[in-house]
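Student: Would you mind keeping the following structure in view while I ask a few things?
The values are calculated or read from the model by the stated rules, or taken from the named source; none is laboratory data. Quick caveat: nothing in here was measured; it's all calculated off a predicted structure. Here Cβ is always computed from backbone atoms with ideal geometry, including for glycine, and neighbour counts include all displayed protein chains. We work out accessible area using only protein heavy atoms, side chains counted, and drop any ligands, DNA or RNA first. Shrake-Rupley method; radii C 1.70, N 1.55, O 1.52, S 1.80 Å.
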Amino acid sequence: MLTDLHLKTAEQFHLAFTLPDYLRDLYKSFGNALDRFHDEPDYRLPIPARYVVDTQGIIRAADVSADYTIRPEPSETLRQLRMLTR
């Protein structure tokens, strides 16, 4: 599991994006301050992603979707991790 403060890892994988002005204004109107949450001036978010990486650093599975509601099932992630330990 990775916590990516300042979105540095998301940037390396090209998975960070800046909200357009109209969405930035909408977030601000709801009191959401992404600029303070990420401790940076831009309103940026990561694209949700999951990578399963083996001990040699090889990516064995990847799931990336710009739609944050589409996520892999945790059981599938566990299955893939178990396969790596066999």
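Student: Looking at the range 45-76, which of its residues are farther than 29 Å from LEU19 by Cα and not hydrophobic (A, V, I, L, M, F, W, C)?
Tutor: ASP54, THR55, GLN56, GLY57, ARG60, SER75, GLU76
Student: Being of a type in the set (S, T, N, Q) and modelled with pLDDT under 85 is the filter here; which residues of the range 1-46 pass it?
Tutor: Within the range 1-46, THR3, ASN32 meet the criteria.
Student: If only one of ARG86, ARG36 is outside any loop (DSSP other than H, G, I, E, B), open to solvent by 80 Å² or more (accessible area, probe 1.4 Å) and without any contact (Cβ under 8 Å) to a residue 12 or more places away in the chain, which one is it?
Tutor: ARG36
Student: Just need a number here: residues in the range 63-83 that are under 18 Å from the mean Cα position of the chain (by Cα), hydroxyl-bearing (Ser, Thr, Tyr) and surrounded by fewer than 13 Cβ atoms within 10 Å (Cβ to Cβ).
Tutor: 2
Student: Does any residue in the range 51-77 that is within 14 Å of LEU15 (Cβ to Cβ) and outside any strand (DSSP E or B) come within less than 9 Å, Cβ to Cβ, of a residue that is open to solvent by 90 Å² or more (accessible area, probe 1.4 Å) and charged (D, E, K, R) six or more places away or on a different chain, and which pairs are these?
Tutor: Filtered contacts from the range 51-77: SER65/ARG71.
Student: Identify all residues within the range 15-33 that are over 19 Å from ASP67 (Cα atoms) and in a helix (DSSP H, G or I); write none if there are none. Show your work before the answer.
Tutor: Looking only at the range 15-33, we keep the residues that are over 19 Å from ASP67 (Cα atoms), and these are 21, 25, 28-33.
Matches in the range 15-33: ASP21, ASP25, LYS28, SER29.
Student: Which count do you get for residues in the range 39-62 that are charged (D, E, K, R) and either open to solvent by 80 Å² or more (accessible area, probe 1.4 Å) or farther than 22 Å from LEU5 by Cβ (or both)?
Tutor: Taking the range 39-62 as the starting set, the residues that turn out to be charged (D, E, K, R) are 39-40, 42, 44, 50, 54, 60.
When the remaining residues are screened for being either open to solvent by 80 Å² or more (accessible area, probe 1.4 Å) or farther than 22 Å from LEU5 by Cβ (or both), the result is 39, 54, 60.
Looking only at that region, the number is 3.
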